[in-house]
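*Asks:* Handing you a structure now.
The values are calculated or read from the model by the stated rules, or taken from the named source; none is laboratory data. Keep in mind that this is a model prediction, so the values were computed, not measured. Counting neighbours? That spans all protein chains shown, and the Cβs are built from the backbone with ideal geometry, glycine included.
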Amino acid sequence: MMFLNFADMGLGLAAGLAGFVDAVVGGGGLILLPALFASFPQAAPATLLGTNKAGAIWGTGAAFLSYVRRVRIPWKTVIPTALASLTGSLIGADMVTRINGDDFRRALPFVLAGVLIYTLMNRQLGQVHEPRFTQKTATFLGIAGGLLIGFYDGFLGPGTGNFLVFVFILVFGFDFLHASASAKMVNFSSNFAALVLFASKNHVLWHLALFLAMCNMLGSLMGTRMAMTHGTTFVRRLFIVVVLLLIARTAWEAFGG
């Protein structure tokens, strides 16, 4: 299939919206992955995951570069976390081509519900940027968290950005804006690792992925601008909305589909 059709254009709109949401709080997979699965019901899940990564990585990278110009990134914490995430993602992406992830999917809505409840019960969570650990401790925790979330990103993916934002806020004491900016670099690393593995096994629809990448990048730049303009409160509210939608979607996939 060499030319784009109307279905592909619809996927382009989904990719743009996914880029917007992902740039602010993560969770773009909530939008683009279901669209891909609906458009290609006969395709191997690994192929659709790979195509999603190939389209989304450009928006994640663009969002990160936009944040870097405006937000001070704690590099000594973020870089080790990103490298660990890359390693974990490679392991997870390789595993998804080999095993069934149904049990993992069933647990996901409950984990997301815990994230939502904690966020709602702690109204000041993520409102103030107060890093709370020594650099040595932050590096260790970053590596541990990066490996775990990177593995999840390679294996399934939806909600990775939300988990990263939540970890940077709850564990490291970042505000929502700094957490979202830092999460972009880590998410870029895990996306890159998963994409390399999926591509090496021919699990990417490249003609479609390149189009999705352009749409995703445009949406991502718009989302970053919105986050920087409206600040931490806006990011927190969108985070709550996206996590609610993720809970509904993952619960339906695990128990209702």
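*Asks:* Without any contact (Cβ under 8 Å) to a residue 60 or more places away in the chain and not small (Gly, Ala, Ser), is that true of Phe64?
*Replies:* No.
*Asks:* Further, regarding this structure: Conditions: (1) farther than 18 Å from Phe234 by Cα; (2) of a type in the set (D, E, K, R); (3) buried (at least 24 other Cβ atoms within 10 Å of the Cβ). Lys136 meets all but one. Number of the miss?
*Replies:* Failed condition: (3).
*Asks:* Next question, about the same structure. Can you tell me which residue within region 175-220, out of those that are assigned to a loop (DSSP other than H, G, I, E, B) and charged (D, E, K, R), is farthest from the chain's Cα centre (by Cα)?
*Replies:* Looking at residues that are assigned to a loop (DSSP other than H, G, I, E, B) and charged (D, E, K, R), I get Lys201.
*Asks:* Going residue by residue through region 197-215, is there one that turns out to be among the small types (Gly, Ala, Ser) and in contact with a Pro (Cβ under 8 Å, 6 or more places away or on another chain)?
*Replies:* Checked region 197-215: no residue is among the small types (Gly, Ala, Ser) and in contact with a Pro (Cβ under 8 Å, 6 or more places away or on another chain).
*Asks:* Does Leu108 satisfy the condition of being assigned to a helix (DSSP H, G or I), at negative phi, modelled with pLDDT under 75 and crowded, with 20+ Cβ neighbours inside 10 Å?
*Replies:* yes
*Asks:* While we're here: Can you tell me which residues in region 171-204 are surrounded by fewer than 22 Cβ atoms within 10 Å (Cβ to Cβ), of a type in the set (A, V, I, L, M, F, W, C) and more than 18 Å from Ser85 (Cα to Cα)?
*Replies:* Ala199
*Asks:* In region 126-176, what residues are out of contact with any helix residue (DSSP H, G or I) (no Cβ under 8 Å at 6 or more places or on another chain), at pLDDT 90 or above and hydrophobic (A, V, I, L, M, F, W, C)?
*Replies:* The answer is Phe140, Leu141.
*Asks:* For region 29-49, state whether one or more residues are on the phi > 0 side of the Ramachandran plot, buried (at least 24 other Cβ atoms within 10 Å of the Cβ) and at pLDDT below 85.
*Replies:* No, region 29-49 has no match at all.
*Asks:* Could you please let me know if Tyr67 is crowded, with 19+ Cβ neighbours inside 10 Å, aromatic (Phe, Trp, Tyr) and either over 26 Å from Ala248 (Cα atoms) or modelled with pLDDT under 90 (or both)?
*Replies:* When the stated conditions are applied, Tyr67 passes them.
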